[in-house]
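The values are calculated or read from the model by the stated rules, or taken from the named source; none is laboratory data. As the structure is a computational prediction, the values presented were derived from the model and not from experiment. No Cβ is skipped: glycine too gets one built from the backbone with ideal geometry, and neighbour counts run over all protein chains shown. Note: accessible area is taken over every heavy atom of the protein model, side chains too, but ligands, DNA and RNA are not part of it. Shrake-Rupley method; radii C 1.70, N 1.55, O 1.52, S 1.80 Å.
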Amino acid sequence: MKYVKMLTYGCQMNFSDAERIEGELKKLGYEATDEMDKASLIIINTCCVRETAEDKVYGKIGEIKHLKRKNPDLILGITGCMAQKEGDRLIKRAPHIDFVLGTNKIQQVVSTVKALSHATSKHIVDTDINESDMPEDMQISRKGELSAWIPIMYGCNNFCTYCIVPYVRGRERSRLPEDVVAEVKEVAAQGFKEITLLGQNVNSYGKDHKKASFAELLEMVDSVEGIERVRYMTSHPKDLSDEVIEVIKNSRHICKHFHLPVQYGSNRMLKAMNRVYTVESYKELVAKIRASVPDSSLTTDLIVGFPGETDEDFQELLGFIEEIRYDQAYTFIYSKRSGTPASEMPDQVPDDVKHERLSRLMELQNRISLEINQSLLDSVQEVMVEGPSNTDASVWTGRTSTNKIVLWSHDGDEKPGDIIRVRITQPQTWVLKGCRI
Ligand code: SAH
Ligand code: SF4
Ligand code: F3S
């Protein structure tokens with residue numbers, strides 16, 4: 001038996017790629033393992049969206065050096081966004097790496113590992129992005145049995161000035177609707193109950209091939225028998241269409257959760273970030289969503305410490321957050337990515353100011369999250385059962401359509417995938433605790 005250990009960092013797209021890499025490697029007889037020591041192939045599937053993500057990867061590459069000394073046949077590969085960005089610089093820095101495959105080369109993993117297993121010379125690097133190559137027909141080794149990732153488009157054309165993703169994932173290209181629907185039917189037949197459609201900017205789906213828009217694709221997957229919940233990410237506020245809102249409103253299975261990354265709450269910063277919308281147009285969009293889908297939740301991503309951010313901008317952001325009242329916000333400190341326009345901008349914000357702003361923002365958001373969750377006290381929520389929680393096997397966990405995590409005492413007959421009713425008795429900032437009814 002041969003084993004592969006994969007370490008994956010970054011976003012859901014990377015986790016979805018990892019499932020495909022592991023699936024393909026089965027063709028060579030590799031089984032997945034969690035133990036580094038057992039593996040004869042280690043692949044680090046990397047992210048470079050922030051410097052901290054890259055630091056973690058360099059740390060891991062360093063740790064693996066001693067394993068290679070113990071087992072000279074061990075193959076170490078780097079895939080994902082940092083592989084795309086750094087290419088053979090990675091090998092120059094750490095010659096114990098055997099191969100580097102870019103983001104559009106995951107289909108090559110089998111031929112690469114095969115070549116390295118037989119060759120005496122090592123080191124294969126391939127980071128070409130040929131945007132006409134669509135990774136279809138790959139074997140997939142899915143994690144879990146309930147929830148499946150389904151990529152619908154690759155790449156990004158938006159070039160937000162802080163962001164490295166368009167440089168490492170290439171231009172937008174959408175899968176054909178029939179391929180997406182076939183994959184959804186396949187996972188439904190395998191017993192999966194929830195799907196998450198993935199893309200950097202799902203609202204642009206189909207703008208290239210014009211075979212279906214995102215709204216039309218949502219309608220198609222909503223009607224696949226057996227799928228109880230449909231999620232998607234990420235949605236860029238600049239092109240969330242009325243049709244999409246209408247489809248969600250009338251759908252049976254599309255979750256009432258809008259993740260709509262705003263990134264900032266002042267027009268000056270939004271312009272500098274090249275986000276295209278304004279604070280006013282974003283607020284109108286939120287009002288439209290809340291009017292059409294009243295019980296929906298709203299979450300966002302925010303960046304503090306973008307170059308040129310002043311105290312006034314930051315105050316405006318806090319006011320904006322108070323006004324919108326997000327259910328949750330994923331807050332990040334701006335990280336300079338070389339090659340992006342923002343990295344060259346003057347007035348980079350000092351680290352201590354960034355940290356101070358982040359903690360004030362988080363404090364405000366946590367208060368709002370708690371207040372919103374407290375308003376759910378005594379309400380009855382429909383929860384899709386996931387299984388025992390990590391800390392206590394008698395306490396089970398699941399999520400609402402609005403993507404809130406619910407915890408309750410397991411009473412025997414509920415199984416993963418069931419939709420049960422839970423009365424909320426103890427709402428907290430991050431979770432809702434309750435009793436099954
Ligand atoms: N395509 C998605 C997001 C991909 S990256 C979207 O547009 O929403 C996920 C999040 O990382 C972004 O929403 C942003 O908030 C954050 N991010 C991206 N680049 C960053 C950087 N240079 N520094 C800090 N955070 C960043
Ligand atoms: Fe990055 Fe902006 Fe594209 Fe999202 S939309 S991946 S933040 S460039
Ligand atoms: Fe990271 Fe690449 Fe995703 S940079 S966030 S893994 S697209």
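Within the stretch 197-220, residues that are modelled with pLDDT of 95 or more have Cβ atoms under 7 Å from residues that are of a type in the set (Ser, Thr, Tyr) and part of a helix (DSSP H, G or I) in these pairs: 198/16, counting only partners at least 6 apart in sequence or on another chain. For the stretch 36-51, the set of residues classified as over 18 Å from residue 15 (Cα atoms) and either open to solvent by 20 Å² or more (accessible area, probe 1.4 Å) or within 16 Å of ligand 2 (Cβ to nearest atom) (or both) consists of 36, 37, 38, 40, 51, listed by residue number. The numbered conditions (1) over 28 Å from residue 198 (Cα atoms); (2) at pLDDT 95 or above; (3) not charged (D, E, K, R) are all true for residue 82 except (1). State the number of residues belonging to the stretch 197-237 that are within 20 Å of the chain's Cα centre (by Cα), of a type in the set (A, V, I, L, M, F, W, C) and either within 16 Å of ligand 2 (Cβ to nearest atom) or under 20 Å from residue 132 (Cβ atoms) (or both). Of the residues in that region, 5 qualify.
Annotation note: of 224, 276, the sole residue that is within 16 Å of ligand 1 (Cβ to nearest atom), surrounded by fewer than 20 Cβ atoms within 10 Å (Cβ to Cβ) and assigned to a loop (DSSP other than H, G, I, E, B) is 276. Scanning the stretch 65-105 for residues that are acidic (Asp, Glu) and assigned to a loop (DSSP other than H, G, I, E, B), we see that the one that is least open to solvent (accessible area, probe 1.4 Å) is 98. Being open to solvent by 60 Å² or more (accessible area, probe 1.4 Å), within 23 Å of residue 252 (Cα to Cα), touching an Asp or Glu at 6+ places or on another chain (Cβ under 9 Å) and not polar (S, T, N, Q): is that true of residue 423 here? Judged against the criteria, residue 423 is a match.
Condition first: more than 16 Å from ligand 1 (Cβ to nearest atom) and either modelled with pLDDT under 95 or more than 30 Å from residue 144 (Cβ to Cβ) (or both). Can you find one or more residues in the stretch 235-242 that meet it? Within the stretch 235-242, one or more residues are more than 16 Å from ligand 1 (Cβ to nearest atom) and either modelled with pLDDT under 95 or more than 30 Å from residue 144 (Cβ to Cβ) (or both). When we screen 344, 386, 363 for residues that are touching a residue at least 40 places away in the same chain (Cβ under 8 Å) and open to solvent by 20 Å² or more (accessible area, probe 1.4 Å), the only hit is 386. Every condition in (1) open to solvent by 30 Å² or more (accessible area, probe 1.4 Å); (2) free of Cβ contacts under 8 Å to residues at least 24 places away in the same chain holds for residue 409 except the one numbered (2).
Within the stretch 155-171, the residues that satisfy the criterion of being within 13 Å of ligand 3 (Cβ to nearest atom) and either touching a residue at least 60 places away in the same chain (Cβ under 8 Å) or of a type in the set (D, E, K, R) (or both) are 158, 160, 162, 163, 164, 165, 167, 168, 169, 170. Can you spot a residue in the stretch 17-28 that is within 16 Å of ligand 2 (Cβ to nearest atom) and either crowded, with 22+ Cβ neighbours inside 10 Å or at pLDDT 95 or above (or both)? So far as the stretch 17-28 goes, yes, one or more of its residues are within 16 Å of ligand 2 (Cβ to nearest atom) and either crowded, with 22+ Cβ neighbours inside 10 Å or at pLDDT 95 or above (or both).
Taking the stated definitions as given, is residue 168 under 25 Å from residue 402 (Cβ atoms) and crowded, with 22+ Cβ neighbours inside 10 Å? No; evaluated as a whole, the condition is false for this residue. Residues of the stretch 279-307 that are among the hydroxyl-bearing types (Ser, Thr, Tyr) and assigned to a helix (DSSP H, G or I): 281, 282, 292. Please work out if residue 417 is in contact (Cβ under 8 Å) with a residue 60 or more places away in the chain and either not assigned by TED's automatic domain parsing to the domain that holds residue 230 or not in a helix (DSSP H, G or I) (or both). Criteria met by residue 417. Screening 3, 58 for residues that are open to solvent by 40 Å² or more (accessible area, probe 1.4 Å), in contact with a helix residue (DSSP H, G or I) (Cβ under 7 Å, 6 or more places away or on another chain) and of a type in the set (Phe, Trp, Tyr) leaves exactly one candidate, 3. When 185, 207, 211 are checked against the criterion of being outside any loop (DSSP other than H, G, I, E, B), away from ligand 3 (no atom under 16 Å from the Cβ) and open to solvent by 30 Å² or more (accessible area, probe 1.4 Å), a single residue qualifies: 185. Name the residue that is modelled with the lowest pLDDT, counting only residues in the stretch 120-134 that are closer than 21 Å to residue 43 by Cβ and part of a loop (DSSP other than H, G, I, E, B). In this case the residue turns out to be 121. Exactly one residue out of 143, 60 is more than 16 Å from ligand 2 (Cβ to nearest atom), part of a helix (DSSP H, G or I) and within 23 Å of the chain's Cα centre (by Cα): that is 60. Filter the stretch 25-47 down to residues that are within 21 Å of residue 104 (Cβ to Cβ), not hydrophobic (A, V, I, L, M, F, W, C) and not in a helix (DSSP H, G or I), then give me how many there are. The total comes to 2.
In the stretch 280-292, is there at least one residue being more than 17 Å from residue 330 (Cβ to Cβ), open to solvent by less than 30 Å² (accessible area, probe 1.4 Å) and not aliphatic (A, V, I, L, M)? No: zero hits.
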